[in-house]
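Heads up, the thing below is written out as structure tokens.
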Amino acid sequence: MSVKKLYPVSLWISVRLGFHFFVMILPWLHGIEGSEKPGNVELHCIVNKYQVLTCVWNKQSDVNDNYTLYYWYSDKEYTAAQCPHYLIVNQTTFGCQLSEIETFSTFTVKLTSNKQEYLPMRKFDKLIDLVKMDPPSKLQVTNTSSLELRLQWEQSYGSLRSHCMTYQVQYKNMASDKWTVKNASSTLFILPSYDPKQTYTFQVRSKLSKFCANSKFWSDWSQAVSWGRNITVTDEQPSTFIKASVILIVTFLLLIVVVLVIRTDRVWVVLVPQIPNPAKKFETLFTVHGNNFQEWLGISKEAVENLKTNYTERLCIVTEDNDCPGPDGKNPTTNLPTQ
């Protein structure tokens, strides 16, 4: 048999033997990998806006053997100190908090246990790089006469400086589900040339800028705020316009109720007209003019005097006594004409 014929057979045998050898040593390799890597326990650290460091691990220890965390600065392991404040759930530790930290020094943190298992050790160049800010809040959108949308928000800085912040704004409109992301250096973002027929949605997040830190963490995205048809609304809260409208309507209704209660008599007179009372019209005749009817009517005193008689009429005495002389001393019967 020639060498050329034996070569494919030997190659096939070598491949089969190599495959079986790999299968045999795979569990052993897996055991070595598991003992060298911190696969069972992962340690994560983060710093908040008040420069408080929180480190947590993803595996809880046994009740009788809690993990212990040590930390030190500037590669000086001999100065290692134990965590002053552990985070505990069900009598087992799962994290540690440090409130007084050196944000611009090299920092090392390490977990230990009595079980002699491999536990992680993390080293950070500067803790300021681990700061994660709170998401921005109170987003407001307004439009301008130059067809621009102005987005403004507020940021809680804690013990940090405002000039250390950088922001990202993402927005989209009804015509597209894809977000457009833009950078911003302040708490103001301007969107030029918007479509007034569309509804726009905005979100903002923040982190420390490169001028103050090499931050690795963005904050969570803020609550979304939408603008469209001259109405600005947020995801979870009613808009200021709606609140103001409701307050105005309620106030107006309460005012109407108060007026109706105070002026019930006048409203009743308007709705149900009453028969006029003439006594009120003659009240001044008795109280002001002292029963003087002419004065109450407005007749002057001169007119009243002119109406009075200025002559006297002679009285005529009628009698049947013929012997009784008249007023002139003569007997009236003697003056009678004869027939």
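The values are calculated or read from the model by the stated rules, or taken from the named source; none is laboratory data. What you see is a predicted model; the values in this text were computed from it and never measured. Here Cβ is always computed from backbone atoms with ideal geometry, including for glycine, and neighbour counts include all displayed protein chains. Side chains included, ligands, DNA and RNA excluded: accessible areas come from the protein's heavy atoms. Shrake-Rupley method; radii C 1.70, N 1.55, O 1.52, S 1.80 Å.
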The lone condition ASP75 fails out of (1) in a loop (DSSP other than H, G, I, E, B); (2) under 38 Å from the mean Cα position of the chain (by Cα) is (2)
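Yes or no: the stretch 140-148 includes at least one residue that is open to solvent by 20 Å² or more (accessible area, probe 1.4 Å), within 27 Å of the chain's Cα centre (by Cα), of a type in the set (Gly, Ala, Ser) and at pLDDT below 85.
In the first step, residues of the stretch 140-148 are kept if they are open to solvent by 20 Å² or more (accessible area, probe 1.4 Å); the result is 140, 142-148.
Now drop any that are not within 27 Å of the chain's Cα centre (by Cα), which leaves 140, 142-145, 147-148.
Those still in the list that are of a type in the set (Gly, Ala, Ser) too: 145.
Right, trim to at pLDDT below 85 and you get 145.
Within the stretch 140-148, one or more residues are open to solvent by 20 Å² or more (accessible area, probe 1.4 Å), within 27 Å of the chain's Cα centre (by Cα), of a type in the set (Gly, Ala, Ser) and at pLDDT below 85.
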So, first residue touching a residue at least 12 places away in the same chain (Cβ under 8 Å) and over 14 Å from TYR200 (Cβ atoms) in the stretch 176-187, second residue open to solvent by 60 Å² or more (accessible area, probe 1.4 Å) and not polar (S, T, N, Q), Cβ within less than 7 Å, six or more apart or across chains; the pairs are THR187/GLU154
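Scan the stretch 149-166 for residues that are loosely packed, with under 15 Cβ neighbours inside 10 Å and within 30 Å of HIS44 (Cα to Cα) and report the count. Walk me through how you get there before you give the answer.
Taking the stretch 149-166 and keeping what is loosely packed, with under 15 Cβ neighbours inside 10 Å, we get 150, 154, 156, 158-159, 161-163.
Then drop every residue that is not within 30 Å of HIS44 (Cα to Cα), which leaves 154, 156, 158-159, 161-163.
Looking only at that region, the number is 7.
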Can LYS123 be described as closer than 23 Å to SER74 by Cβ, part of a strand (DSSP E or B) and either modelled with pLDDT under 85 or in contact with a Pro (Cβ under 8 Å, 6 or more places away or on another chain) (or both)?
no
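Kindly establish whether LYS115 is part of a strand (DSSP E or B) and open to solvent by 20 Å² or more (accessible area, probe 1.4 Å).
Details: part of a strand (DSSP E or B): no; open to solvent by 20 Å² or more (accessible area, probe 1.4 Å): yes.
No: the conditions fail for LYS115.
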Across (1) open to solvent by less than 70 Å² (accessible area, probe 1.4 Å); (2) farther than 19 Å from SER215 by Cβ; (3) in contact (Cβ under 8 Å) with a residue 40 or more places away in the chain; (4) not small (Gly, Ala, Ser), ILE128 clears everything bar (2)
